[in-house]
Amino acid sequence: MSTAWEAEDAAMDRALALAAEAAAAGEIPVGAVVLDAEGRILAEGRNNREQTTDPTGHAEVVALRAAAAAQGSWNLAGSTLVVTMEPCVMCAGAILQSRIGRVVFGAWDEKAGAAGSVYDVLRDRRLPYRAEVVGGIREADAVEQLREFFSERR
């Protein structure tokens, strides 16, 4: 049986692979994986905003929708979201609405992050629900994907 850390590390491997797929499709390279309470992959997603012309097509939202569909419920309490980049305000709201209990992410987003850098929506005591946040996991890998993507476009 694997530990929670091992499950999250494997999920980050998958999220990084999904981010690479997003980059290859011309999307900002962000990937996300939802783990169930036992650490098994419940669902995954990657940025697809350009492809779908959907402004909510962020990896986290795609993964949360897939997880809710797979589970047959919007309530994902006990689940963990593993994502390559710190969630934005929109994604943080969706995470809280889905009752995700733990968020693990790679790269900090100093421009629009909502899990501790610019805002701290996920842990805001004024809100009725909060999530545990662990940031900077495999940060160098996630940052490198983002740097490479944007350097090719500038």
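The values are calculated or read from the model by the stated rules, or taken from the named source; none is laboratory data. Predicted model only: the values in this text are computed from it and were never measured. All Cβ positions, glycine included, derive from the backbone under ideal geometry; neighbour counts span all protein chains shown. Please note that ligands, DNA and RNA were not included when accessible areas were found on the heavy atoms of the full protein model with its side chains. Shrake-Rupley method; radii C 1.70, N 1.55, O 1.52, S 1.80 Å.
Could you tell me whether any residue of segment 45-59 is over 25 Å from Ala10 (Cβ atoms), in contact with a Pro (Cβ under 7 Å, 6 or more places away or on another chain), open to solvent by 60 Å² or more (accessible area, probe 1.4 Å) and not hydroxyl-bearing (Ser, Thr, Tyr)? Looking through segment 45-59, at least one residue is over 25 Å from Ala10 (Cβ atoms), in contact with a Pro (Cβ under 7 Å, 6 or more places away or on another chain), open to solvent by 60 Å² or more (accessible area, probe 1.4 Å) and not hydroxyl-bearing (Ser, Thr, Tyr).
Let's see how each residue does on (1) of a type in the set (Ser, Thr, Tyr); (2) in contact with a Gly (Cβ under 8 Å, 6 or more places away or on another chain):
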{"residue": "Thr52", "(1), (2)": "yes, no"}
{"residue": "Ala67", "(1), (2)": "no, no"}
{"residue": "Ser79", "(1), (2)": "yes, yes"}
{"residue": "Val82", "(1), (2)": "no, no"}
{"residue": "Ala92", "(1), (2)": "no, no"}
{"residue": "Glu110", "(1), (2)": "no, no"}
{"residue": "Pro128", "(1), (2)": "no, no"}
{"residue": "Gly136", "(1), (2)": "no, yes"}
{"residue": "Ala140", "(1), (2)": "no, no"}
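Of the helices (runs of 4 or more DSSP H) lying entirely inside segment 1-111, those carrying at least 2 residues that are among the acidic types (Asp, Glu) and over 28 Å from Leu127 (Cβ atoms) are 4-24. Do we find a residue being out of contact with any helix residue (DSSP H, G or I) (no Cβ under 7 Å at 6 or more places or on another chain), free of Cβ contacts under 8 Å to residues at least 12 places away in the same chain and either at negative phi or open to solvent by less than 40 Å² (accessible area, probe 1.4 Å) (or both) anywhere in segment 104-114? Looking for residues that are out of contact with any helix residue (DSSP H, G or I) (no Cβ under 7 Å at 6 or more places or on another chain), free of Cβ contacts under 8 Å to residues at least 12 places away in the same chain and either at negative phi or open to solvent by less than 40 Å² (accessible area, probe 1.4 Å) (or both), one finds at least one in segment 104-114, hence yes.
Kindly establish whether Glu139 is over 18 Å from Ile28 (Cα atoms), surrounded by fewer than 19 Cβ atoms within 10 Å (Cβ to Cβ) and touching a strand residue (DSSP E or B) at 6+ places or on another chain (Cβ under 9 Å). In short, no.
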